[in-house]
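Undergrad: This is the structure I have questions about; it appears just below.
The values are calculated or read from the model by the stated rules, or taken from the named source; none is laboratory data. Just so it is clear, the structure is predicted and the values come from calculations on it, not from any experiment. Here Cβ is always computed from backbone atoms with ideal geometry, including for glycine, and neighbour counts include all displayed protein chains. Please note that ligands, DNA and RNA were not included when accessible areas were found on the heavy atoms of the full protein model with its side chains. Shrake-Rupley method; radii C 1.70, N 1.55, O 1.52, S 1.80 Å.
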Amino acid sequence: MHGGVPPMRNIASLVFSFGLAFLRLAIAAQLGFGHTPMIVGSGILTGAEADVGAANIVTAVVFGYRGFDTLGELSILFAAATAAGLVLGHRRLGAADDPEGGLILRAGADLLFPLLLLVGVYIVIHGHLTPGGGFQGGVILAAAFFVSVIAKPSLRLNHGAISVIEGLAGAAFILIGIWALVEDGSFLKPMLDQGVLGQLVSAGTMPLLSSAVGLKVGSELAGLLAHISESEAGEP
Amino acid sequence: MTWIALVVVVVVLAAAVAVLALDSLIGAVVATSVVSLGVSVLFVVLLAPDVALTEAAVGAGLSGVVLALGLRRLGLWRLEGDRGAAHPLVPTDGGAAGHARGGAADA
């Protein structure tokens, strides 16, 4: 392996890892695998269909039962992206003249961009029906845009438009929550008609929340990745 | 099912060891992505598709890209044709990259 690390430090780390693994195994052996000691899960399983009307119960928890936590996650993402933007500094002036990717990257980006876009939008919109939701689809959308940017750096990402989309999507999420607060008394309570379970238009405001989160996360991460690849190299 | 999980666990452990053992920094980043990919397959085997989607998208995709971009910014990895401008951390030839890694491991 690489030289330079004293062997005693390696051995100590190894002993520590084994000890930690043994401790966790000893604790986990006492809990039955797959049987949680908490009863909230089974309560949500029985009640989610009637309460929220979503077929995907994980999304029902993320956007319905624990919608406020999702707002906290969005704030964390926003804070991280803002901090990264502050730390990274200005964009290099010659960033558009960066070398294009190799043949595989360019051909792959041309093929993958529409596919990733479609898959990302599908996962975001069907968040309440199939596994997925706003976050997963948003990350795939960010990857779609970033692959084409890194394959051809001359197609510069419009950072102004990215910021506008991100801001509007985040504001839409909060506005839907405030509307639920005004109408029904609870912030981010699932509103609108629940519809038929399993239809695309069902589960009330959940597809709207999911789309807002997907747009926000996608634009945020795409802007962040483009910023990293375009930023100037600072002093060490 | 247990055979699939067993094979995936072996692959994950091998990739994790490869992260430490590989000399090439970008190879270590790829091995990190392989670990995340294997873990996401394990999540599917354990019947948690949402978690698996998130882990695959973020761990295998995004985090590998962020690491590679960080390496590129530090000058420890170059795309073909990157104009090799004088960056204080950049070694002047490809062979010195291993020394840079060994030096970084010391600190």
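Undergrad: Using a 1.4 Å probe, how large is the accessible area of A:L157, given in Å² and rounded to the nearest 10?
TA: Ignoring ligands and nucleic acids, A:L157 comes out at about 30 Å².
Undergrad: Net charge around A:P190, counting only other residues with Cβ within less than 10 Å of its Cβ (Lys, Arg = +1; Asp, Glu = -1)?
TA: With Lys, Arg at +1 and Asp, Glu at -1, the neighbours total -1.
Undergrad: Only helices at least 24 Å long along their axis, Cα-based, and averaging -0.5 or more on Kyte-Doolittle count here, so list those DSSP H runs from chain A.
TA: Those that clear 24 Å and a mean of -0.5 are A:7-30, A:67-88, A:103-125, A:134-151, A:159-184, A:206-230.
Undergrad: Roughly how much accessible area, to the nearest 100 Å², goes out of reach of solvent when A and B pair up, both sides summed, probe 1.4 Å?
TA: Summing both sides, the interface buries roughly 2400 Å².
Undergrad: Going by Cα centres, segment A:156-190 and segment A:97-139 are how many Å apart?
TA: 23 Å
Undergrad: Something else now. Near A:A81, within a Cβ-to-Cβ distance under 13 Å, what is the net charge of the other residues, with Lys and Arg +1 and Asp and Glu -1?
TA: Local net charge: -2.
Undergrad: Sticking with this one: Taking each residue of A:153-166 in turn, how many C-beta atoms of other protein chains fall within 10 Å of its C-beta, and what is the average?
TA: Taking all residues of A:153-166 together, the mean is 0.
Undergrad: So, one more: Treat each spin label as a single point 7 Å out from the Cα along the C-beta direction, and report the A:I104 to A:V196 distance in nm.
TA: 4.8 nm
Undergrad: Using protein chains only and a probe of 1.4 angstrom, how many square angstrom of A:I11 are accessible, to the nearest 10?
TA: 90 Å²
Undergrad: Ignoring everything but the protein chains, give the 1.4 Å probe accessible area of A:T70 in square angstrom, nearest 10.
TA: Rounded to the nearest 10, the figure is 0 Å².
Undergrad: Is it possible to state the helix-based mean residue ellipticity at 222 nm for chain A, with each DSSP H run of 4+ residues giving -39500 (n - 2.57), the sum divided by total residues, to the nearest 500 deg cm²/dmol? What is it?
TA: Rounded to the nearest 500, the figure is -22500 deg cm²/dmol.
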